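Below: the structure, in structure tokens.
The values are calculated or read from the model by the stated rules, or taken from the named source; none is laboratory data. Predicted, not measured: the structure shown is a model, and the values here were computed from it. Because the Cβ atoms are built from the backbone with ideal geometry, glycine has one as well, and the counts that use them run over all protein chains shown. Note: accessible area is taken over every heavy atom of the protein model, side chains too, but ligands, DNA and RNA are not part of it. Shrake-Rupley method; radii C 1.70, N 1.55, O 1.52, S 1.80 Å.
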Amino acid sequence: MRKSLPLLILSSILSIGLFAQNADSTMKLSANEAIEFAMAHQKDVVNSALDMKISDARVNEIIGIGLPQINGSLDLKDFFELPTNLIPGEFVGKPGTYYPIKFGTQWQSAAGITASQLIFDPSYIIGVQATKTIRELSGKNVTRTRIETAANVYKAYYSLLLVRERRKVIDANVARLFKLKKDTKALYTNGFVEKIDLDRVNLAYNNVVSEKEKMDNIEKATENVLKFQMGMTIGNNIELTDSLDIAKVKNLTSQESTADVSKRIEYNILETQLRLQEYNIKRYKVGYYPSLVGFANVSTTAQRSAFNILDPTRKWYPTGLLGATLNIPIFDGLQKHAKIRQCELERDKIKNEIGNFENAATLQIRNSRLTLQDAIRSLDIQEQNLVLAKDVVRTSKVKYDQGVGSNLEVLNAETSLKEAQSNYYNAIYSAIIAKIDYEIAMGNIHY
């Protein structure tokens with residue numbers, strides 16, 4: 001036992017070390033890998049897959065109606081008080097009266113098997129025909145959920161990339177203002193600038209430090225949003241392997257193609273719902289036709305005065321039958337007519353929804369195309385403004401270092417640069433989101 005104790009302690013230490021390593025491990029993800037992770041873990045996607053399995057089970061339930069139905073039964077009865085029957089008194093020499101008599105045995109048992117088979121039912125035939133469409137609708141609902149999830153992950157992924165790029169810029173601003181603060185303090189110490197100049201720099205530095213702290217919190221919140229959209233535990237660590245390719249963002253274009261709403265999954269779902277509603281109408285219409293069911297029963301009974309039902313030497317009495325039932329609808333109080341009318345009105349509603357979706361999708365495509373074009377133009381303008389703002393900061397700093405400019409001019413230039421940077425990154429974000437929305441509107445995202 002003493003010899004094994006060190007090994008046990010060593011094993012425990014290694015286990016703890018491995019656990020800590022797994023807990024602190026970082027998952028590296030590209031945008032596509034983040035989406036693939038979401039396809040396997042995001043709750044809406046997982047639930048939609050479960051819904052499809054539920055739909056498959058319902059289809060099997062429908063199909064099972066037309067398969068043989070077989071049931072077995074076994075019962076045991078103890079007539080501790082036998083039932084009394086009245087027979088005419090003529091049988092016992094007392095005409096004009098009834099004489100009570102008890103028939104039967106105390107113990108009775110019966111065992112049997114009953115089978116039935118649907119031979120002809122038009123409603124069942126229509127139901128089986130509709131099962132393919134039911135499966136199709138379920139699959140399209142899964143596709144819609146996957147597309148929506150992919151779009152949300154894309155937006156969250158690139159939002160986090162953008163926030164991290166902005167944080168880098170803010171870090172650079174902090175470093176630059178810190179140097180300006182240091183230089184200004186040295187000038188103030190040597191009497192070359194007034195205290196108000198130093199105070200201005202300190203104020204600007206404090207503001208940019210506060211902005212950095214806010215950006216750190218924004219980065220954490222944006223990262224949590226990405227994890228949520230992926231279906232990942234918030235406490236996990238992730239590292240983004242894709243980079244924010246500004247040149248690629250600037251080259252985003254929207255092709256002037258004709259809108260094809262049939263590519264949209266929402267349109268396909270509405271069309272599938274319309275076909276299912278047509279099946280519903282047919283199902284109620286054929287309900288006026290007869291249906292035929294065949295059945296068979298085999299049973300055996302035992303009657304005993306004592307409890308010896310399982311005695312193999314005592315006789316059981318078998319019974320068997322075959323039969324069929326033809327159900328002929330005659331009048332149901334116009335219930336089927338009312339149901340048919342309801343389904344027809346529901347069908348008309350779906351047709352209206354399809355027409356409305358066609359108009360809405362066309363509008364969405366045109367507006368998203370215009371929004372994307374505006375976002376690209378705005379990005380070009382904000383990039384030019386950022387270049388100008390950087391040049392103004394550089395020039396004002398050179399003038400200040402040469403003694404021909406003021407630190408107020410430098411600070412104003414820094415403020416303009418921060419504003420230009422904010423506008424620039426907002427334009428990048430708007431362009432990325434506009435591109436994703438345009439691809440959604442065109443039906444170009446497939447998962």
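Tabulated data
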item: Number of positions in the stretch 91-115 that are assigned to a strand (DSSP E or B), out of contact with any Pro (no Cβ under 9 Å at 6 or more places or on another chain) and aromatic (Phe, Trp, Tyr); result: 1
item: Selection from the stretch 420-443 of residues that are aliphatic (A, V, I, L, M) and either touching a residue at least 60 places away in the same chain (Cβ under 8 Å) or closer than 15 Å to residue 245 by Cα (or both); result: 427, 428, 431, 432, 433, 434, 436, 440, 441, 442
item: Residues of the stretch 78-123 satisfying the condition of being among the aliphatic types (A, V, I, L, M), within 30 Å of residue 285 (Cα to Cα) and open to solvent by less than 50 Å² (accessible area, probe 1.4 Å); result: 115, 118
item: One residue from 153, 163, 142 being open to solvent by less than 60 Å² (accessible area, probe 1.4 Å) and at pLDDT below 95; result: 163
item: Single residue of the stretch 208-248 satisfying the filter (over 24 Å from residue 414 (Cα atoms) and charged (D, E, K, R)) that is nearest to the chain's Cα centre (by Cα); result: 227
item: Exclusive hit being outside any loop (DSSP other than H, G, I, E, B) and in contact (Cβ under 8 Å) with a residue 60 or more places away in the chain, set 388, 417; result: 417
item: Filter result for residue 130 (open to solvent by less than 50 Å² (accessible area, probe 1.4 Å), over 30 Å from residue 281 (Cβ atoms) and either outside any strand (DSSP E or B) or of a type outside the set (Ser, Thr, Tyr) (or both)); result: no
item: Checklist (1) in contact (Cβ under 8 Å) with a residue 40 or more places away in the chain; (2) closer than 30 Å to residue 325 by Cα applied to residue 105, failing item; result: (2)
item: Where a residue in the stretch 159-180 is within 12 Å of residue 211 (Cα to Cα) and its partner, wherever it lies, is buried (at least 17 other Cβ atoms within 10 Å of the Cβ) and aromatic (Phe, Trp, Tyr), with Cβ under 8 Å and at least six apart; result: 166/425; 169/425; 174/205
item: In the stretch 217-245, the residues that are surrounded by 14 or more Cβ atoms within 10 Å (Cβ to Cβ) and either acidic (Asp, Glu) or closer than 23 Å to residue 439 by Cβ (or both); result: 219, 222, 223, 225, 226, 228, 229, 230, 231, 240, 242, 244
item: Filtered residues of the stretch 390-414 (kept if closer than 18 Å to residue 167 by Cα and at pLDDT 90 or above); result: 390
item: Matching option when the condition is outside any helix (DSSP H, G or I), over 18 Å from residue 27 (Cα atoms) and among the aromatic types (Phe, Trp, Tyr), among 192, 178; result: 192
item: Which listed residue is charged (D, E, K, R), closer than 22 Å to residue 408 by Cα, assigned to a helix (DSSP H, G or I) and at pLDDT below 90, from 197, 171; result: 197
item: Long-range neighbours under 7 Å by Cβ, at least six apart or interchain, first residue part of a helix (DSSP H, G or I) within the stretch 49-76, second among the charged types (D, E, K, R); result: 55/135; 56/135; 59/135
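Rundown of residues vs (1) part of a strand (DSSP E or B); (2) closer than 30 Å to residue 444 by Cα; (3) in contact with a Ser or Thr (Cβ under 8 Å, 6 or more places away or on another chain); (4) charged (D, E, K, R), yes/no style:
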| site | (1), (2), (3), (4) |
| --- | --- |
| 292 | yes, no, yes, no |
| 315 | no, no, no, yes |
| 322 | yes, no, no, no |
| 330 | no, no, no, no |
| 342 | no, no, no, no |
